[in-house]
1. Separation of the stretch 54-121 and the stretch 162-230 by C-alpha centroid, Å?
2. Determine the percent antiparallel among the DSSP beta bridges restricted to the chain, to the nearest 5.
3. Semi-axes of the equivalent ellipsoid of the stretch 110-215: what are they in whole Å, largest first, if each equals the square root of 5 times a C-alpha gyration tensor eigenvalue?
4. Need the list of aspartates and glutamates near Lys139 for cross-linking: C-alpha distance under 20 angstrom, and skip anything on the same chain fewer than eight residues off.
5. Among Leu144, Met221, Thr3, pick out the residue whose Cα is farthest towards the positive end of the charge dipole of the chain, where Lys and Arg carry +1 and Asp and Glu carry -1 on C-beta, about the Cα centre.
6. Just the number, please: Stokes-Einstein D of the stretch 104-151 in µm²/s, Kirkwood Rh from C-alpha pairs, 4 °C, 1.567 mPa s.
7. Quick query: amide H of Leu16 versus all other amide H atoms, modeled in the peptide plane; which residues come in under 5 Å with a sequence gap of 5 or more or a different chain?
8. Suppose R0 equals 45 Å. What FRET efficiency, 1/(1 + (r/R0)^6) with r the Cβ-Cβ distance, do Asp145 and Lys59 give to the nearest 0.05?
Amino acid sequence: MSTVTEKDLMTAACHLGHPKSKWNPKMSKYIYCIRNNVHIFDLEQTKKKLDTVCDILSKMQKEGKTVLFVSTKQQSIVYVEMFKEALGQPIVTKKWIPGLLTNWGTIKKRIKYYLDLQNSFKTGEIEKYTKKEQTALRKDMMKLDTALGGVATMTGAPDAMFVIDAVRDHVAILEARKLKIPVYGICDTNADPDLFDACIPANDDAVKSIELIMNTVLEAMGGSAPAAKK
């Protein structure tokens, strides 16, 4: 169980949903009230759900399972990258590649090509090519690094997926569900909670909300959040 309190969640603006005109009715059970035309989350439920997801992912981490963390939302990228740096878990922070999970056979070949190319630069093997060819290969590697760098350690489908914005990264969730991969993450008032095996009903836009939730999940999985910059 996390040490995060409902007061902490309130301070981080986790309670603020979207305007009531942009809500998903399925989220009604997680909404406490409406203030200034904005849905307000029931933070007692947010706290319970956060603890539940933390317990699940903590167990998976201890068992050596792979959890793919996904968010292409700019303000959340740094908080997703923590899971790769601290725990070695795969991440997607750029554009989701269609078929990343459902067309794994093809993606796996591209990852192998990317890693082989990367190794050729490290070992100096690249020198056997002409300067023009080296330039072309370097550009190719840079593109692959952007597309596949975060998932290069994956050897197969992940055991679970964690998504910060279920609306923005809807395609990623659909691929996971098609393969029956458990999905966890943050679910704002405009998203569908049925897409998750377990969700954290909270604000997925505010940086403070994302930071608090992701740091809490990271620590539950055995990682350490970086010290705040002064």
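FYI, it's all coordinate maths here, none of it is from the lab. Please read all numbers here as calculations on a predicted model, not as lab measurements. FYI the Cβ positions are ideal-geometry reconstructions off the backbone, even for glycines, and counts take in every protein chain you see.
1. The stretch 54-121 and the stretch 162-230 have Cα centres spaced 14 Å from each other.
2. Of those bridges, close to 30 percent are antiparallel.
3. Taking √(5λ) for each Cα gyration eigenvalue gives 38, 15, 11 Å.
4. Answer for Lys139, where 20 Å is the Cα cut-off: Asp116, Glu125, Glu127, listed by chain and number.
5. Leu144
6. Numbers: Rh = 11.1 Å.
The calculation lands on 117 µm²/s.
7. Here Phe41, Asn203 satisfy the definition.
8. Between Asp145 and Lys59 the formula returns 0.90.
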